[in-house]
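The values are calculated or read from the model by the stated rules, or taken from the named source; none is laboratory data. Quick caveat: nothing in here was measured; it's all calculated off a predicted structure. So basically every Cβ, Gly included, is an ideal-geometry build from the backbone, and we count neighbours across all protein chains shown.
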Amino acid sequence: MPSASKIRIGHDEYVKIKIELENHLKELQKAGTEGGVRQQELVEWYVNKEMNKIDTVDQATQIYKQVACVINKLIKQEHTLVRTEGCITLIDHHQRQEKAGRSDSIRARSVVGIRVVKAL
């Protein structure tokens, strides 16, 4: 039996949250937001965006927890986001590969538990 604190997210919901977060971060980057955005601000942005679908405080809390879990997975497992100095930034792998010229010239290394991709 799963613990009460375990957050479960269906695949479709996970993909939806992931895409919306990534698109929001891309828009912030285009607008010139340097250094990323704090995780709490990113989660609050998503919850506020979903307000018309939320009826109770419990639903808002559940969405808040789900989004925080998605962000953590994108940082720790998918390596599409990176947290530096308390801010979340989107990593654009395709752009890094284009600069390197070849996909096999990308080297990954671990820094403080976060996988960082560096073009050689």
Please go through (1) loosely packed, with under 15 Cβ neighbours inside 10 Å; (2) under 22 Å from residue 11 (Cβ atoms) for residue 81 and return the number of the only condition it doesn't satisfy. (1)
Could you grab me the full set of residues in the stretch 62-93 that are modelled with pLDDT under 85 and not in a loop (DSSP other than H, G, I, E, B)? 93
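Return yes or no: is residue 96 in contact with a strand residue (DSSP E or B) (Cβ under 6 Å, 6 or more places away or on another chain), part of a helix (DSSP H, G or I) and modelled with pLDDT under 90?
Details: in contact with a strand residue (DSSP E or B) (Cβ under 6 Å, 6 or more places away or on another chain): yes; part of a helix (DSSP H, G or I): yes; modelled with pLDDT under 90: yes.
It is true that residue 96 is in contact with a strand residue (DSSP E or B) (Cβ under 6 Å, 6 or more places away or on another chain), part of a helix (DSSP H, G or I) and modelled with pLDDT under 90.
Between 46, 14, which is surrounded by 11 or more Cβ atoms within 10 Å (Cβ to Cβ) and farther than 16 Å from residue 75 by Cα? Walk me through how you get there before you give the answer.
Working: 14 fails: farther than 16 Å from residue 75 by Cα.
None of the other options fit; the residue is 46.
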Answer residue from the stretch 25-61, given it is part of a helix (DSSP H, G or I) and touching a residue at least 40 places away in the same chain (Cβ under 8 Å) and is farthest from residue 10 (Cα to Cα) among those: 29
